[in-house]
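Structure first, then comments.
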Amino acid sequence: MNEPEPKLVLLAQAGDHEAFDVLLRRYEKPLFRHIHRMLQDEDACYEALQETYLVIVRNIRKLRSRKSFRPWAYGVATRVCLKTRTKRATSRVAFDDELDPPDLRPLPDSLASAHEELEELKDGILLLSPRLRSVILLHFFEGLTLKEVAAALEIRVGTVKSRLGAALSQLRAAREGATS
């Protein structure tokens, strides 16, 4: 089924199981990647993805705008993660698209420097509160607009902007503290 997303959402809302399956398959990898970044624990990620699917299945009829499925699905996943984080202790965010072992070959100096900066940024993101981290991950890593992030998290755009500003300030301060 190669239908545009709004039509798939409409069909899924009407009870079309095939359309619903197509929607979930389209977002399986991106949602899993986002969940993994939030929870930092592969076992918890699979559980959270299943819980996300259950919430989506139960509530697809409540989605008012067929065009807003993507931010809504990320919002559901984020809320599931925030609830899961209160239940489980976790340790590290994986930012790779795949969960493969790292390539240990030496990098040229400029790439090594860029790689170090990226690792410092990832470490800084780990230190952010879940609410600030979710805004950073949704906006910068998943490519949602500020309006889509607001819809996903069910908060105002102004709140997204303030959380984004706070997160970026904390990341800058951590970076400046590390270079001092």
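Could you tell me which of the residues Leu23, Leu10 is crowded, with 20+ Cβ neighbours inside 10 Å, over 15 Å from the mean Cα position of the chain (by Cα) and farther than 22 Å from Ser134 by Cα?
Leu23
Could you figure out which of (1) over 23 Å from Gly143 (Cα atoms); (2) touching a helix residue (DSSP H, G or I) at 6+ places or on another chain (Cβ under 6 Å) isn't true of Pro71?
Condition not satisfied by Pro71: (1).
Kindly provide the set of residues from segment 72-91 that are at pLDDT below 85 and part of a helix (DSSP H, G or I), ordered by number.
Hits for segment 72-91 are Thr84, Arg85, Thr86, Lys87.
Sort out which residues of segment 115-137 are hydrophobic (A, V, I, L, M, F, W, C) and either in contact with a Phe, Trp or Tyr (Cβ under 6 Å, 6 or more places away or on another chain) or not in a helix (DSSP H, G or I) (or both), and write them in order of number.
Leu128
Report the residue count in segment 26-45 for those that are among the acidic types (Asp, Glu) and surrounded by 20 or more Cβ atoms within 10 Å (Cβ to Cβ).
1
If Gly158 passes every condition in (1) loosely packed, with under 14 Cβ neighbours inside 10 Å; (2) within 16 Å of Arg79 (Cα to Cα) but one, which one does it miss?
(2)
The values are calculated or read from the model by the stated rules, or taken from the named source; none is laboratory data. Treat the numbers as computed from the prediction; the structure is a model and nothing was measured. As a convention, Cβ positions derive from the backbone with ideal geometry for all residues, glycine included, and neighbour counts pool all protein chains shown.
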